[in-house]
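Working notes, beginning with the structure itself.
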Amino acid sequence: MKQSLLKRRSLTLVILLTPMVLLLAGFLVLPVLGLLRSSFLPSTHLLDGTGFSLKHYVHFFSDTYYSSVLVETFVDGLIVSLVCLLIGFPTGYSLARLTSAARRWRMIVVILPLTLSLVVVVFGWLIILGRNGLLNSLFVYLGIFSSPKTLLFSRPAVLIVLVQQFLPFMILSVMSVVTQIHPVLEQAASNLRANRFVTFRKVILPLAVPGILVGFNIVFVLSISAFITPRLIGGARVAMLGSLIYETIMAQLNWPFGAAMAFVLFVSGLAFTVALNALVASRFTVRG
């Protein structure tokens, strides 16, 4: 009786998972494998699909320009992730400590930017940061600028827009974990004469590490792989690997080299996030 019930449950699970597995295999795994194969093609054209060569990877690592762009991309991703953490943690913590009714309306404000198209958001920032845009007009009116300045096509502008785009992911990740931390633990720490800073460092922060890591990883991965924002906000002055991959594939039609850059970004980003998670997890595990 139990064996037949287990078989029915297993069969039901297989039936439910089969469409999802087929969808992922057909629209994700196979295209990625095809892109990986094209990165080892000896030519610069996708139609010449014969042969095997490491020339595109050698070209990437032998050219200091691409290596520097990779480093700058990672630095930008770290800056965006840290700024989102500094802003998102207090916001997520405050949302988690609100009542359900009060949190509901504030959550709408947090989630609303995610419902907008990325292109619409970027073009909105183009209007705000333009030479005759809202920000320049405000600074000139307040006397901060004597004349309109060029705020676009700079790395700070790209970082500001990336923070605005990905901040909700950090807020939601932190809030989901802090919600599960019972306020009684903070009250107990206060009864033991721990001030707010000690309570945050000894109680809240260790318990909120999973949410912080999830939000940090999401923001970091989205930042280093962004290509629309660096291309439109940064222009030719700000080079990030995502925009270079887009230009290599769509403008130069050099699919093999673009695929090689994409997998360098994928492997290096994955290695960095795994190392960071292992480092933070080991540190808090040992302390625990």
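The values are calculated or read from the model by the stated rules, or taken from the named source; none is laboratory data. These numbers were taken from a predicted model, which means no experiment stands behind them. Cβ: placed from backbone, ideal geometry, glycine included. Neighbour counts: every protein chain shown.
Among the residues of the stretch 70-84, are any more than 20 Å from V214 (Cα to Cα) and surrounded by fewer than 17 Cβ atoms within 10 Å (Cβ to Cβ)? Checked against the condition, which is being more than 20 Å from V214 (Cα to Cα) and surrounded by fewer than 17 Cβ atoms within 10 Å (Cβ to Cβ), the stretch 70-84 yields at least one hit.
Quick one: which of S43, S39 is in contact (Cβ under 8 Å) with a residue 12 or more places away in the chain, among the polar types (S, T, N, Q) and either in contact with a helix residue (DSSP H, G or I) (Cβ under 6 Å, 6 or more places away or on another chain) or closer than 30 Å to V110 by Cα (or both)?
S39
Residues in the stretch 152-200 that are of a type in the set (S, T, N, Q) and under 30 Å from V80 (Cβ atoms): 8 in all. Look at (1) farther than 20 Å from P90 by Cβ; (2) small (G, A, S); (3) in contact (Cβ under 8 Å) with a residue 24 or more places away in the chain and you find that A278 fails only one, number (3). Among the candidates R201, R237, single out the residue that is among the basic types (K, R) and touching a residue at least 12 places away in the same chain (Cβ under 8 Å). Matching residue, one of R201, R237: R237.
If the Cβ limit is 7 Å and pairs must be 6+ apart or interchain, which residue in the stretch 220-231 that is without any contact (Cβ under 8 Å) to a residue 24 or more places away in the chain pairs with which residue that is crowded, with 24+ Cβ neighbours inside 10 Å? Sorted first by the residue in the stretch 220-231, then by its partner, the list stays empty.
Right, L129: under 20 Å from the mean Cα position of the chain (by Cα), closer than 14 Å to Q164 by Cβ, modelled with pLDDT of 85 or more and not aromatic (F, W, Y) or not?
When the stated conditions are applied, L129 does not pass them.
Any residue that is at pLDDT 90 or above, assigned by TED's automatic domain parsing to the domain that holds S176 and over 22 Å from S223 (Cα atoms) - is there at least one of those in the stretch 72-93? Within the stretch 72-93, one or more residues are at pLDDT 90 or above, assigned by TED's automatic domain parsing to the domain that holds S176 and over 22 Å from S223 (Cα atoms). Scanning the stretch 93-104 for any residue that is in a loop (DSSP other than H, G, I, E, B), of a type in the set (G, A, S) and within 26 Å of the chain's Cα centre (by Cα) turns up nothing.
Here the helices (runs of 4 or more DSSP H) wholly within the stretch 1-80 that include at least 3 residues being charged (D, E, K, R) are 2-24.
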